[in-house]
Amino acid sequence: MTDQPATETPSFGYDRTVLDAFPTIRAAVVQVADIEPGGADGLADEYRSQQLATIERLAQIPIAEIASIAAWRRAFSRFGVKPTQHRSAVEALLRRLSKQGEVPSINPLVDIGNLVSIRHSLPVAVFDLEGVSLPIEVRFASGDEVFHGIGTDGPDHPSPGEVVFIDAAGYVCARRWCWRQSAQSAAGPDSTRVLIVIEGHHESASEDVMAAGQDIADMAVRHLHATVGPVDLLSPELA
């Protein structure tokens, strides 16, 4: 963990215009390497157990009233996106779990990300480092950038003013901040090196994103036998 708030690491950072517009943003960033492809012993049981625990929690509080979800809704509205039309990744995940009773397994890396996301009610992005060029920057889109969505036939473009993740080669890794990830950046069953980003805007975001980051780091070692770097906290300079 970093001792002082920072705005970037060698692999990930925020454009100053985004920090000025969203001074509440906090992120935990960690790199995971030497991932063993294939199954992950014990992960399926832990994933299902967490889903059941989250379903019980959601029976006690409406999703929209969870502090981290409400804060993401406010952030989406501030850059011109209707949060009930394009939901943050974590809200979409929680709603799917609440309505369908499960979030199906995809692959161990994605499952760990989804497990931590529903446990902490925070969006978790897992970027395959073979598919992106570091560093990744969060900035406002011009509208000319190229985005290839998962399961889409051709390229798309973000709306001008939309918050996006852009890699060093100029490709959009994620649209509408934490709404949808690109196909080339998504982690798959054969991914061996990934960058993981967990973000929040709510009052306790600093503590919560770091707890989620450490949670992911621990599971990556336990289930994937991976090498895990430090979990760094990013935030704007505090006045």
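List of remarks:
- Residues of region 162-176 that are surrounded by 13 or more Cβ atoms within 10 Å (Cβ to Cβ) and either in contact with a Phe, Trp or Tyr (Cβ under 7 Å, 6 or more places away or on another chain) or more than 26 Å from Ala220 (Cα to Cα) (or both): Glu162, Val163, Val164, Tyr171, Val172, Cys173, Ala174, Arg175, Arg176.
- Applying a threshold of 9 Å to beta carbon distances and a minimum spacing of six or more residues, or different chains, the list of pairs starting in region 103-120 at a residue that is free of Cβ contacts under 8 Å to residues at least 24 places away in the same chain and ending at one that is crowded, with 20+ Cβ neighbours inside 10 Å and part of a helix (DSSP H, G or I) reads Ile106/Asn114.
- Test: residue in region 188-200 that is without any contact (Cβ under 8 Å) to a residue 40 or more places away in the chain and of a type outside the set (A, V, I, L, M): no
This table checks each residue for (1) closer than 17 Å to Val164 by Cβ; (2) in contact with a Ser or Thr (Cβ under 7 Å, 6 or more places away or on another chain).
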residue: Phe22; (1), (2): yes, no
residue: Ile35; (1), (2): no, yes
residue: Ala40; (1), (2): no, no
residue: Asp45; (1), (2): no, no
residue: Ser49; (1), (2): no, no
residue: Ala59; (1), (2): no, no
residue: Glu65; (1), (2): no, no
residue: Ser68; (1), (2): no, yes
residue: Arg73; (1), (2): no, no
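- The lone exception for Ile63 - which of (1) farther than 28 Å from Gly170 by Cα; (2) buried (at least 20 other Cβ atoms within 10 Å of the Cβ); (3) of a type in the set (A, V, I, L, M) it fails: (2)
- Among the residues of region 16-43, those that are among the aliphatic types (A, V, I, L, M) and part of a loop (DSSP other than H, G, I, E, B) comprise Ile25, Ile35, Ala40.
- Scanning region 10-36 for residues that are touching a residue at least 24 places away in the same chain (Cβ under 8 Å) and basic (Lys, Arg) yields a single hit, Arg26.
- Once region 6-36 is narrowed to residues that are loosely packed, with under 15 Cβ neighbours inside 10 Å and within 21 Å of Thr227 (Cβ to Cβ), the residue that is modelled with the lowest pLDDT is Glu36.
- Within region 206-218, the only residue that satisfies the criterion of being farther than 10 Å from Arg119 by Cβ, among the acidic types (Asp, Glu) and in contact (Cβ under 8 Å) with a residue 12 or more places away in the chain is Asp208.
- Filter pass, Ala174 being of a type in the set (A, V, I, L, M), touching a residue at least 40 places away in the same chain (Cβ under 8 Å), assigned to a helix (DSSP H, G or I) and out of contact with any Leu (no Cβ under 6 Å at 6 or more places or on another chain): no
Per-residue answers, yes or no, for (1) at positive phi; (2) in contact (Cβ under 8 Å) with a residue 60 or more places away in the chain; (3) surrounded by fewer than 16 Cβ atoms within 10 Å (Cβ to Cβ); (4) among the polar types (S, T, N, Q):
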residue: Gly38; (1), (2), (3), (4): yes, yes, yes, no
residue: Leu52; (1), (2), (3), (4): no, no, yes, no
residue: Arg73; (1), (2), (3), (4): no, no, no, no
residue: Phe76; (1), (2), (3), (4): no, yes, no, no
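- Region 219-239 residues that are within 16 Å of Val30 (Cβ to Cβ) and among the hydroxyl-bearing types (Ser, Thr, Tyr), paired with ones that are surrounded by fewer than 20 Cβ atoms within 10 Å (Cβ to Cβ) and modelled with pLDDT under 95 (beta carbon under 7 Å, 6 or more apart): Ser235/Pro5
- Test: residue in region 148-156 that is under 23 Å from Arg73 (Cβ atoms), out of contact with any helix residue (DSSP H, G or I) (no Cβ under 8 Å at 6 or more places or on another chain), in contact (Cβ under 8 Å) with a residue 24 or more places away in the chain and surrounded by 14 or more Cβ atoms within 10 Å (Cβ to Cβ): yes
The values are calculated or read from the model by the stated rules, or taken from the named source; none is laboratory data. Note that the structure is a prediction, hence the values are computed from the model and not measured. Ideal geometry is used to build each Cβ from the backbone, glycine not excepted, and the neighbour counts take in all protein chains shown.
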